[in-house]
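The values are calculated or read from the model by the stated rules, or taken from the named source; none is laboratory data. These figures come from a predicted structure and were not determined experimentally. Glycine also receives a Cβ, built like all others from the backbone with ideal geometry; neighbour counts cover every protein chain displayed.
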Amino acid sequence: MVRECSFAVLLCLSCRLPVAQAQFELLVGPRQAPQAHSAQELDDYLEILDAPSDRERVRLVEAFAQHHPHSELLGIAYQYQMLAYRGLNDYDGVVQSGERALKLHPDNLNTLLILANTLPNRVATGTVDDPRLAQAEQYVRLVFEGIERMKLPRSVSPQRWQELRLEMEASAHEALGHVATKRGKLQEAILEFERAVQQNPVPQGSQFYRLGVAYMLAQKNDSAREALSRAAELGPDGIRKMANMAMQKLSTKPH
(Lines give C-alpha, C1' and ligand atoms only; values in the text may rest on other atoms or scores of the structure.)
Protein backbone atom coordinates (compact mmCIF):
# COMPACT_ATOMS: atom_id res chain seq x y z
CA MET A 1 0.00 0.00 0.00
CA VAL A 2 1.36 3.42 -0.97
CA ARG A 3 1.64 5.88 1.90
CA GLU A 4 1.65 9.64 1.50
CA CYS A 5 3.33 11.96 3.98
CA SER A 6 1.40 15.21 4.28
CA PHE A 7 2.68 18.59 5.40
CA ALA A 8 1.06 18.15 8.80
CA VAL A 9 2.59 14.71 9.24
CA LEU A 10 6.00 16.05 8.30
CA LEU A 11 5.71 18.69 10.98
CA CYS A 12 5.04 16.00 13.53
CA LEU A 13 7.79 13.71 12.28
CA SER A 14 10.33 16.50 12.37
CA CYS A 15 9.86 16.71 16.12
CA ARG A 16 12.24 13.75 16.35
CA LEU A 17 15.01 16.25 15.66
CA PRO A 18 16.27 19.08 17.91
CA VAL A 19 14.14 22.22 17.96
CA ALA A 20 16.53 24.19 15.74
CA GLN A 21 16.16 21.55 13.05
CA ALA A 22 12.45 20.97 13.52
CA GLN A 23 11.51 24.36 12.09
CA PHE A 24 12.36 23.40 8.51
CA GLU A 25 8.97 22.20 7.32
CA LEU A 26 7.19 25.03 9.11
CA LEU A 27 9.07 27.61 7.08
CA VAL A 28 8.78 25.92 3.71
CA GLY A 29 5.23 27.24 3.46
CA PRO A 30 1.93 25.42 2.89
CA ARG A 31 2.00 25.78 -0.88
CA GLN A 32 5.18 23.75 -0.98
CA ALA A 33 3.95 20.94 1.26
CA PRO A 34 5.95 17.91 0.08
CA GLN A 35 4.75 14.32 0.03
CA ALA A 36 6.24 10.87 -0.21
CA HIS A 37 4.54 8.80 -2.90
CA SER A 38 5.74 5.34 -1.95
CA ALA A 39 6.32 3.39 1.23
CA GLN A 40 10.02 3.02 0.45
CA GLU A 41 10.46 6.73 -0.18
CA LEU A 42 8.86 7.56 3.16
CA ASP A 43 10.89 4.91 4.99
CA ASP A 44 14.13 6.23 3.50
CA TYR A 45 13.18 9.77 4.51
CA LEU A 46 12.41 8.67 8.06
CA GLU A 47 15.83 7.07 8.25
CA ILE A 48 17.32 10.52 7.66
CA LEU A 49 15.35 11.92 10.59
CA ASP A 50 16.39 9.02 12.82
CA ALA A 51 20.08 9.07 11.86
CA PRO A 52 22.27 8.45 14.95
CA SER A 53 24.93 10.97 13.95
CA ASP A 54 25.56 13.92 11.66
CA ARG A 55 27.93 11.89 9.52
CA GLU A 56 25.35 9.15 9.06
CA ARG A 57 22.70 11.73 8.18
CA VAL A 58 24.97 13.12 5.45
CA ARG A 59 25.38 9.61 4.01
CA LEU A 60 21.65 8.83 4.18
CA VAL A 61 20.74 12.03 2.33
CA GLU A 62 23.16 11.15 -0.48
CA ALA A 63 21.57 7.70 -0.71
CA PHE A 64 18.09 9.26 -0.69
CA ALA A 65 19.05 11.61 -3.53
CA GLN A 66 20.39 8.69 -5.55
CA HIS A 67 17.35 6.47 -5.02
CA HIS A 68 14.68 9.19 -5.17
CA PRO A 69 16.07 11.94 -7.44
CA HIS A 70 12.61 13.36 -8.17
CA SER A 71 11.22 13.17 -4.63
CA GLU A 72 9.28 16.14 -3.31
CA LEU A 73 11.11 15.54 -0.03
CA LEU A 74 14.56 15.96 -1.52
CA GLY A 75 14.78 19.69 -0.83
CA ILE A 76 14.05 19.16 2.85
CA ALA A 77 16.49 16.24 2.93
CA TYR A 78 19.22 18.57 1.68
CA GLN A 79 18.32 21.02 4.44
CA TYR A 80 18.87 18.32 7.05
CA GLN A 81 22.15 17.45 5.37
CA MET A 82 23.16 21.10 5.53
CA LEU A 83 22.56 21.12 9.30
CA ALA A 84 24.50 17.87 9.65
CA TYR A 85 27.47 19.40 7.84
CA ARG A 86 27.22 22.41 10.13
CA GLY A 87 27.41 20.07 13.10
CA LEU A 88 30.56 18.60 11.54
CA ASN A 89 32.06 22.09 11.02
CA ASP A 90 32.26 21.36 7.30
CA TYR A 91 32.02 24.74 5.54
CA ASP A 92 32.02 23.36 2.00
CA GLY A 93 29.41 20.77 2.89
CA VAL A 94 27.09 23.40 4.41
CA VAL A 95 27.34 25.61 1.35
CA GLN A 96 26.94 22.77 -1.16
CA SER A 97 23.93 21.23 0.60
CA GLY A 98 22.36 24.63 1.18
CA GLU A 99 22.66 25.56 -2.47
CA ARG A 100 21.12 22.23 -3.48
CA ALA A 101 18.25 22.86 -1.09
CA LEU A 102 17.68 26.36 -2.47
CA LYS A 103 17.40 25.05 -6.02
CA LEU A 104 14.38 23.06 -4.88
CA HIS A 105 13.02 25.48 -2.25
CA PRO A 106 14.44 28.90 -3.23
CA ASP A 107 12.45 30.81 -0.61
CA ASN A 108 13.11 28.59 2.40
CA LEU A 109 14.02 31.00 5.17
CA ASN A 110 16.04 28.61 7.31
CA THR A 111 18.29 27.66 4.41
CA LEU A 112 18.80 31.29 3.44
CA LEU A 113 19.69 32.25 7.01
CA ILE A 114 22.18 29.43 7.51
CA LEU A 115 23.93 30.23 4.24
CA ALA A 116 23.97 33.96 5.00
CA ASN A 117 25.68 33.27 8.33
CA THR A 118 28.06 30.66 6.89
CA LEU A 119 29.37 32.26 3.69
CA PRO A 120 31.43 35.01 5.39
CA ASN A 121 33.36 32.47 7.50
CA ARG A 122 36.03 31.85 4.87
CA VAL A 123 36.45 35.52 3.95
CA ALA A 124 39.49 37.32 5.35
CA THR A 125 38.80 40.34 7.54
CA GLY A 126 39.39 43.54 5.61
CA THR A 127 38.07 42.12 2.35
CA VAL A 128 35.55 44.37 0.65
CA ASP A 129 34.66 42.84 -2.70
CA ASP A 130 34.49 39.10 -2.02
CA PRO A 131 31.38 37.81 -3.85
CA ARG A 132 30.51 35.60 -0.89
CA LEU A 133 29.76 38.70 1.16
CA ALA A 134 27.47 40.11 -1.52
CA GLN A 135 25.74 36.72 -1.75
CA ALA A 136 25.20 36.64 2.00
CA GLU A 137 23.63 40.10 1.86
CA GLN A 138 21.35 38.97 -0.96
CA TYR A 139 20.22 35.99 1.08
CA VAL A 140 19.42 38.30 4.00
CA ARG A 141 17.34 40.53 1.73
CA LEU A 142 15.41 37.47 0.59
CA VAL A 143 14.81 36.51 4.21
CA PHE A 144 13.29 39.89 5.09
CA GLU A 145 11.14 39.75 1.95
CA GLY A 146 10.09 36.20 2.72
CA ILE A 147 9.11 37.03 6.28
CA GLU A 148 6.73 39.69 4.98
CA ARG A 149 5.16 37.26 2.50
CA MET A 150 4.96 34.27 4.82
CA LYS A 151 1.58 32.57 5.02
CA LEU A 152 1.37 30.27 8.01
CA PRO A 153 -0.68 27.16 8.71
CA ARG A 154 -3.58 27.71 11.08
CA SER A 155 -1.82 25.46 13.57
CA VAL A 156 0.81 28.18 14.18
CA SER A 157 -0.40 30.74 16.72
CA PRO A 158 0.27 34.46 16.19
CA GLN A 159 2.39 34.45 19.36
CA ARG A 160 4.56 31.58 18.11
CA TRP A 161 4.95 33.23 14.73
CA GLN A 162 6.05 36.48 16.37
CA GLU A 163 8.72 34.58 18.31
CA LEU A 164 9.94 32.82 15.17
CA ARG A 165 9.95 36.07 13.26
CA LEU A 166 12.06 37.82 15.88
CA GLU A 167 14.50 34.88 15.95
CA MET A 168 14.86 34.93 12.17
CA GLU A 169 15.28 38.69 12.03
CA ALA A 170 17.93 38.48 14.76
CA SER A 171 19.78 35.84 12.75
CA ALA A 172 19.54 38.04 9.66
CA HIS A 173 21.03 41.01 11.54
CA GLU A 174 23.77 38.71 12.84
CA ALA A 175 24.63 37.77 9.26
CA LEU A 176 24.76 41.43 8.22
CA GLY A 177 27.01 42.17 11.18
CA HIS A 178 29.28 39.29 10.16
CA VAL A 179 29.51 40.72 6.63
CA ALA A 180 30.26 44.21 7.93
CA THR A 181 32.98 42.84 10.24
CA LYS A 182 34.70 41.12 7.33
CA ARG A 183 34.63 44.39 5.41
CA GLY A 184 36.18 46.23 8.34
CA LYS A 185 33.06 48.34 8.93
CA LEU A 186 33.08 47.98 12.69
CA GLN A 187 30.45 50.55 13.63
CA GLU A 188 28.02 49.05 11.15
CA ALA A 189 28.84 45.57 12.47
CA ILE A 190 28.23 46.65 16.07
CA LEU A 191 24.84 48.13 15.19
CA GLU A 192 23.77 44.93 13.46
CA PHE A 193 24.96 42.67 16.28
CA GLU A 194 23.26 44.93 18.83
CA ARG A 195 20.00 44.59 16.91
CA ALA A 196 20.43 40.82 16.91
CA VAL A 197 20.93 40.46 20.66
CA GLN A 198 18.30 43.04 21.58
CA GLN A 199 15.43 41.53 19.64
CA ASN A 200 16.10 37.81 19.85
CA PRO A 201 13.58 36.29 22.31
CA VAL A 202 15.99 33.35 22.74
CA PRO A 203 19.43 34.81 23.58
CA GLN A 204 22.22 33.21 21.53
CA GLY A 205 25.77 32.94 22.77
CA SER A 206 27.12 33.21 19.24
CA GLN A 207 25.47 36.59 18.73
CA PHE A 208 26.85 37.98 21.98
CA TYR A 209 30.28 36.58 21.11
CA ARG A 210 30.33 38.29 17.73
CA LEU A 211 29.16 41.51 19.35
CA GLY A 212 31.94 41.22 21.92
CA VAL A 213 34.58 40.67 19.25
CA ALA A 214 33.31 43.67 17.29
CA TYR A 215 33.56 45.79 20.44
CA MET A 216 37.11 44.51 20.97
CA LEU A 217 38.14 45.43 17.45
CA ALA A 218 36.63 48.88 17.99
CA GLN A 219 38.56 49.13 21.30
CA LYS A 220 35.37 49.40 23.34
CA ASN A 221 36.75 47.12 26.00
CA ASP A 222 34.16 47.56 28.74
CA SER A 223 31.34 46.78 26.33
CA ALA A 224 33.35 43.86 24.97
CA ARG A 225 33.76 42.35 28.45
CA GLU A 226 30.03 42.61 29.09
CA ALA A 227 29.07 40.96 25.79
CA LEU A 228 31.70 38.23 26.06
CA SER A 229 30.65 37.46 29.62
CA ARG A 230 27.09 36.98 28.40
CA ALA A 231 28.34 34.75 25.57
CA ALA A 232 30.26 32.59 28.05
CA GLU A 233 27.15 32.34 30.21
CA LEU A 234 24.94 31.24 27.31
CA GLY A 235 27.36 28.87 25.57
CA PRO A 236 27.40 26.31 24.04
CA ASP A 237 30.81 24.94 24.96
CA GLY A 238 32.59 26.08 21.80
CA ILE A 239 31.33 29.64 22.20
CA ARG A 240 32.06 29.57 25.94
CA LYS A 241 35.68 28.57 25.29
CA MET A 242 36.22 31.30 22.68
CA ALA A 243 34.54 33.93 24.85
CA ASN A 244 36.69 33.04 27.85
CA MET A 245 39.84 33.21 25.73
CA ALA A 246 38.83 36.64 24.44
CA MET A 247 38.17 37.85 27.98
CA GLN A 248 41.62 36.64 29.04
CA LYS A 249 43.12 38.86 26.35
CA LEU A 250 41.04 41.75 27.60
CA SER A 251 42.19 41.19 31.17
CA THR A 252 45.61 42.57 30.27
CA LYS A 253 44.08 45.78 28.93
CA PRO A 254 42.99 48.78 31.02
CA HIS A 255 39.30 49.26 31.76
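The residue that is nearest to L133 (Cα to Cα), counting only those in the range 184-208 that are charged (D, E, K, R) and within 21 Å of the chain's Cα centre (by Cα), is E192. Among the candidates L119, L109, L60, L88, the residue that is touching a residue at least 60 places away in the same chain (Cβ under 8 Å) and either of a type outside the set (V, I, T) or over 24 Å from G177 (Cα atoms) (or both) is uniquely L109.
Among the numbered conditions (1) out of contact with any helix residue (DSSP H, G or I) (no Cβ under 8 Å at 6 or more places or on another chain); (2) not in a loop (DSSP other than H, G, I, E, B), the only one that D129 does not meet is (2).
The one condition from (1) surrounded by fewer than 21 Cβ atoms within 10 Å (Cβ to Cβ); (2) in contact with a Gly (Cβ under 6 Å, 6 or more places away or on another chain) that T252 does not meet is (2). State which residue is farthest from the chain's Cα centre (by Cα) when the search covers only the range 209-219 and only residues that are over 16 Å from A196 (Cβ atoms) and touching a residue at least 12 places away in the same chain (Cβ under 8 Å). Only one residue tops the list, namely A218. Report whether or not Q219 is out of contact with any helix residue (DSSP H, G or I) (no Cβ under 7 Å at 6 or more places or on another chain) and not in a helix (DSSP H, G or I). Considered against the rule, which asks whether it is out of contact with any helix residue (DSSP H, G or I) (no Cβ under 7 Å at 6 or more places or on another chain) and not in a helix (DSSP H, G or I), Q219 comes out as yes.
If you check E226, E233, E188, E192 for being modelled with pLDDT of 95 or more, within 26 Å of P106 (Cβ to Cβ) and among the acidic types (D, E), only one passes: E192. In the range 35-48, the residue that is modelled with the lowest pLDDT out of those that are surrounded by fewer than 19 Cβ atoms within 10 Å (Cβ to Cβ) and over 20 Å from K103 (Cα atoms) is H37.
How many of the residues making up the range 60-77 are out of contact with any Lys or Arg (no Cβ under 9 Å at 6 or more places or on another chain) and surrounded by 15 or more Cβ atoms within 10 Å (Cβ to Cβ)? Please lay out each step first, then the result.
From the range 60-77, those out of contact with any Lys or Arg (no Cβ under 9 Å at 6 or more places or on another chain) are 60-64, 66-73, 76-77; that's our starting set.
Narrowing the set further to residues that are surrounded by 15 or more Cβ atoms within 10 Å (Cβ to Cβ) leaves 60-61, 64, 68, 71-73, 76-77.
Total satisfying the criteria: 9.
Taking the range 141-187 as the range and being surrounded by 14 or more Cβ atoms within 10 Å (Cβ to Cβ), small (G, A, S) and within 22 Å of Q219 (Cβ to Cβ) as the test, the residues that pass are G177, A180.
The criterion of being of a type in the set (G, A, S) and closer than 26 Å to Q207 by Cβ holds for A84. Scanning the range 208-226 for residues that are buried (at least 19 other Cβ atoms within 10 Å of the Cβ), farther than 19 Å from A172 by Cα and touching a Phe, Trp or Tyr at 6+ places or on another chain (Cβ under 7 Å) returns a single hit, A224. Scanning the range 194-207 for residues that are surrounded by fewer than 16 Cβ atoms within 10 Å (Cβ to Cβ) and among the hydrophobic types (A, V, I, L, M, F, W, C) turns up at least one hit. Restricting attention to the range 130-173 and to residues that are hydroxyl-bearing (S, T, Y) and at pLDDT 90 or above, the residue that is farthest from P201 (Cα to Cα) turns out to be Y139.
Taking L217 as the residue in question, decide whether it is under 18 Å from L109 (Cβ atoms) and among the hydrophobic types (A, V, I, L, M, F, W, C). Before the answer, list the steps.
Details: under 18 Å from L109 (Cβ atoms): no; among the hydrophobic types (A, V, I, L, M, F, W, C): yes.
When the stated conditions are applied, L217 does not pass them.
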